[in-house]
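One structure below.
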Amino acid sequence: AEYPYALPEMRRIVRSSFLAPSNAKAVTLGLLQAERLEKGDELVFAELIKDIQEGRGSQRVLDGFFKLVSEHPDLINQSNKWVLDSLAGQLGIKNGSEAQRLAPLYAQVGDLNTAAMLYRVSAFFPSKSARHFASLVSDAKKYYEGDELLELVESMFNTVYDRRLALPAVLDLRLELQPAKDAAEATRRDFPGEVAVHDIYDVDTLISGATV
């Protein structure tokens, strides 16, 4: 990105990857960095928002948008919150990672109801990461607390794609936020009988359950 002579070849790579744009993500982000060095983050972000507003939410635009807001969350505020609704409409939320990337952006501008819905949607989709649910809980802790946080996580647990992988995070949160007696009572519902250990994630569940 810092060497102008490389930019034409980088653009060629991005153009030739239109059938599988995710394969060129590193190059796309390199071009984004070149634009940021030349124009500054505010102008680049304004151009990305304009693309989204006009329905040009390509993978390049999405990668650039999420890259910038992940580094500078304050770029999203009440004055431009509409871009989140536009983006959600264009994406259609087809997988858990899209929902997870949008949820904290809604939360930080105060729309906790929409954020909670997106956290639940993200939990519903299958994920390649065994720690996906735990990462959702970690994200949610930044914006929710106490009973509100526990209610959200329990609702996520009710719709989660893989309850077995999600259970340790739920058990840990119950013990963190509830009196031990209440946490134990809730946990009994998740252990109606003996639990067979098949892999390390079952061990995590048993450790969390035993702690409760």
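The values are calculated or read from the model by the stated rules, or taken from the named source; none is laboratory data. Owing to the predicted nature of the structure, the values given are computational and were not obtained by experimental measurement. Calculation scope for accessible area: heavy atoms of the full protein, side chains included, ligands and nucleic acids excluded. Shrake-Rupley method; radii C 1.70, N 1.55, O 1.52, S 1.80 Å.
Worth pointing out:
- Solvent exposure ordering (accessible area, 1.4 Å, most first) of Thr159, Thr28: Thr159, Thr28
- Nearest-10 value in Å² for the accessible area of Glu98, using the 1.4 Å probe: 30
- Alpha carbon centroid spacing (whole Å) that separates region 127-179 from region 75-122: 18
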